[in-house]
Every structure is written in C-alpha cells, then in structure tokens.
C-alpha cells in the first residue's frame, strides 16, 4: 500500500478543516515514507517562517517513523543521543510531525504542520493523520 | 491582490485535469510572487526527479516574472547572459514554468510543472496558469 | 503598502545616526516582508562576523513577524519549540531584529542590526524601525 | 586606502541616478576587496532574481580584480579555463561587475549591478565605479 493522492487529499482536507476550526492558518506538508514531498499547502495568512518547520516536522516523522517530539526525547538534556537534531540536515523535534500508517502498521508517510502554537500544530497534524488512516 | 488558496486550488485542479487528460502524472508547484511555496502536488506515479524541477521552474518564473524558457533565452549559446542558470542557487531554464498575473498584469506568483516531455509540462503549466487567472 | 526605497532610506539614516551617537559601527540590514534583501550598510569599522548576524536577525524578524529575541523565547530551555533556531537555514534568536509595520499593523519588512553589544544592536534597530514607521 | 562609507555612498548615489536616468530599477551591490558586502540597494521595482546576480557580479569582480565579463573570457568555449564559472560557489561572468580602484590602482572593492539588459547593467556599474574613484 502506498501514499496515494486520494489519501493525501483526505488528510489535507481534514487538516485544513481543523486549522479553520481553531482559526489558525497553517502550513501543512505531506511526505511519503521515503521523505519525498507528496503535497503541501500554505493556508492564507500562514507564517512564512513556518513553511520550513512544517516540512521539517514531516521529514523528521517520516525518517524515524515516529512523532517529531518523540525524536526530540532522544536529544533532550540527559537523553541518549545529544545532537541528534543536527543530523539529516537538521531535524525538527517539537510536536506537529506525525507518521501516517496503513491498517497493518506499515509506514506510508508523514504529515508536518506549523503555523500556530505547538499544541495547535499537533492537533491539526493528528486530525490530518487520522483522516489519512481512516480507510488507508 | 495576492495569491489566495482559492486561486491556487483552481490552478491545481486545472493542472491535474490537464495532466490526466494526456495521461502523464506530474509534479505541480505553485509559488507566490516572492518565490515562497504556496502549494505542491505530486500526482501518483510522477517521477521523483521531477519534484525539484517543478519547484525550480516555478521559482525561475517567479523571480524573473517570465516563462522559465524565456529566462533560458538569455543564457543559451550566444545569449547575453552566459551562466545565468547558475545564479539564485541554480535556475531551471526549459519550459514548464509560467507566471500567474492578475487582471492588471501584476505578478501574483508562478506555476512549475515537471514529469513528462517538456512540451507536456508546458501545456499543463499553461492550463493551470490560465485557470488561476480566469477570475484573478 | 510596501517597503519603498524612501522608507528604507529613512530607516537607514536613523539607524546610522543612532549607531554614531553611541560610537559603535554597525551592520544594518533591511529586508522586505518576504525576507528578500532591500538594503544593507556596513559602517566603517563594523565587524565582519556581524554581517551575517545582521542579515539573520532581519530574516528571523521578517519570517516570524516578531522581534528576533521573541522568536528566541520559543526555543530557550523549557520553551515549546526546542531547536527552532535550526530551521529556515538557521535563525538568529537574540535581540537586534525588529519588524517594520505600516499604520494598519501590516508587516512591511524587518531590520537587523549587529556590531555592538546586544542591547546596543537592539537600540539601533528600534531607532531604525521607528523612523521607518514614522510616516509608513 | 580602504573602501569607506563615504566612497560607497558616492558610488550608490551615482549608480541610482544612472539607473533612474534610463528608467530601469536596479539591484546595486558594493563589496570590499575581500568580497565582503559593504552596501546593497534594491531600487523599487527591481527584479527579485537580480539580487543574487548583482551580488555575484560584484563578488566575481572583487575576487579576480577585473570586470565580470573579463572573467567570462577565460571560460567561454575555447577559453583556457572551462568551468571556471563553477568555482567560488559559482561566479557571474557577464557584464555588470566592475572593480573599484584607488588612485594608485590598488583594488578597493567592486560594484555589481543587475536588473536591466546586460548593457544597461554595465552602464550603471561603470557610472557607480567612476563616482567611487573620482576622489578615491
């Protein structure tokens, strides 16, 4: 199973709806399991500085198959992997990057969201990922 | 006037429809007039190597306010600006990058398409740009 | 409303005057709202290492629409966004980057200053931004 | 003798006046003899894609102590140094980059201009360099 346009459109529609519901324009990136871009949307009014962050969160989640903030656990003070965030051309290690998996748990790709407070970004990313996985 | 989500969705829908009509999956990038990404779609089956080309064509068209191949005229053998394609972190100077303008002629952004033969890329980019401008 | 040469010259004159008043030669960068350079001056004797810092502070303030040190609040220890300073090709997250806004609050661009102590940089950046906004 | 603010302001004023006279908004960059930026102005309406070209022309002229198009002679077909334009992080090898020298012929820096046709860029760069050297 792969990350089809159909799945991505479902994710994008859900992400944008969740962003509108909380009134925060977001940058939303969807990458495949190889971390190549599949789709991107910058909603009207979303911060320019958040483009790169959305892409980075999605890349981090795709490369490690886990939420971006879970990658952050390894490199926080006292963690096992100091400086991990400097690898892979730098990672983004706070919340808002979420893997997309199919019904068997296989990794299809990842979503990254940025534009609001971190908790808002994470909420929108989870809504998008849930929609992607609803029939994936 | 600026490049809104609404304009971009119209462009993307027209671009994807044109690509499907000729049976060639495409990468389609839409940037604003300052060359920041606004939207991107990689259709199912589109070449990975064409992601960067689509983005580069759109960036070239946005930065110079003309079709990507028109920028290429300046740097072809005997042209006025040899090596122009090496500036701005490298440009993409063959067809498939098209500016989007509003009714007054002001630059709103640019579309870049890659995935097929160059003539196919250009056809899809023009269809997308025409749809963007239809009510812009 | 956009960031015109006239506004920028007013900002540059005020920034240079403020720098001379405290006797510290500065690098002063002015970017537009999309973070493209509009003007730059390195005063005689200003540190070479501060060129990139001035540009980085202005870019940080433009991309996020806030003072560079306010961006730093998000990534300081215990902040919501650890490693944020690594995004966008690295940010500069200490004081001296200040947004320029018009009378309606819309972002026109940003000023970045570096060459002295951080408090001196901030003072000069604020003087330049105030002059830019005086009739903007 | 070094490239002072005073010299640079004279060059910038002359360059901008020459650009206004021909009605073409230009990007004008001034670098010192070590190729570090000293001053930059993007005139209202100047092409975004020409920012990097103006900087590249000035860098090329400063690094080699000759006009940018003279560097191009070495790497044109049949020249002695094919691929020279790929060195130094890429050079810009068409006209519009001009060295600034003092009365003894010592290199003080270089000016790079881009935004119009190549001949227009060269004309403005020469006007700026002549003004810089008038009392240098």
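The values are calculated or read from the model by the stated rules, or taken from the named source; none is laboratory data. All values reported here derive from a predicted model rather than from experimental measurement. So basically every Cβ, Gly included, is an ideal-geometry build from the backbone, and we count neighbours across all protein chains shown.
For the stretch A:98-122, which positions are touching a helix residue (DSSP H, G or I) at 6+ places or on another chain (Cβ under 8 Å), more than 12 Å from chain C (Cβ to nearest Cβ) and either farther than 23 Å from residue A:13 by Cα or not in a loop (DSSP other than H, G, I, E, B) (or both)?
A:98, A:99, A:100, A:101, A:107, A:108, A:109, A:110, A:111, A:113
When you go through (1) at pLDDT below 95; (2) at positive phi one by one for residue D:75, which number turns out not to apply?
Result: residue D:75 fails condition (2) only.
Just the residues that are within 14 Å of chain C (Cβ to nearest Cβ) and within 19 Å of residue A:26 (Cβ to Cβ), please, taken from the stretch B:21-33.
Of all residues in the stretch B:21-33, those within 14 Å of chain C (Cβ to nearest Cβ) come to B:31-33.
If the condition is that a residue be within 14 Å of chain C (Cβ to nearest Cβ) and within 19 Å of residue A:26 (Cβ to Cβ), then B:31, B:32 are the ones that fit.
What number goes with the only condition from (1) part of a helix (DSSP H, G or I); (2) away from chain A (no Cβ under 11 Å); (3) under 14 Å from residue A:48 (Cβ atoms) that residue C:70 does not pass?
For residue C:70, the exception is condition (3).
In the stretch C:1-20, how many residues are out of contact with any strand residue (DSSP E or B) (no Cβ under 6 Å at 6 or more places or on another chain) and either within 14 Å of chain B (Cβ to nearest Cβ) or surrounded by fewer than 19 Cβ atoms within 10 Å (Cβ to Cβ) (or both)?
So the answer is 9.
Kindly list the number of the only condition in (1) surrounded by fewer than 20 Cβ atoms within 10 Å (Cβ to Cβ); (2) more than 17 Å from residue A:16 (Cβ to Cβ) that fails for residue A:92.
(1)
For the stretch C:36-50, what are the residues that are in contact with a strand residue (DSSP E or B) (Cβ under 8 Å, 6 or more places away or on another chain), outside any strand (DSSP E or B) and farther than 16 Å from residue C:117 by Cα? Before the answer, list the steps.
Our first condition is that a residue be in contact with a strand residue (DSSP E or B) (Cβ under 8 Å, 6 or more places away or on another chain); within the stretch C:36-50, this holds for C:36-43, C:46-47, C:50.
From what is left, the residues that are outside any strand (DSSP E or B) are C:36, C:43, C:46-47, C:50.
Scanning the stretch C:36-50 gives a single hit, C:36.
I'm trying to understand the selection: among the residues of the stretch B:76-97, which are facing chain D (nearest Cβ under 9 Å) and assigned to a helix (DSSP H, G or I)?
The answer is B:84, B:86.
What pairs come up if the first residue lies in the stretch B:40-58 and is facing another protein chain (nearest Cβ under 10 Å), the second is assigned to a loop (DSSP other than H, G, I, E, B) and surrounded by fewer than 22 Cβ atoms within 10 Å (Cβ to Cβ), and their beta carbons are under 7 Å apart, counting only those six or more places apart or on different chains?
Hits for this filter: B:43/B:25; B:44/A:4; B:44/B:25; B:45/B:25; B:46/B:25; B:48/A:36; B:51/A:36.
Quickly run through the stretch D:24-35 and pick out the residues that are in a strand (DSSP E or B) and within 24 Å of residue C:45 (Cα to Cα).
Step one: filter the stretch D:24-35 for residues in a strand (DSSP E or B), giving D:27-32.
Across the stretch D:24-35, the qualifying residues are D:28, D:29, D:30, D:31, D:32.
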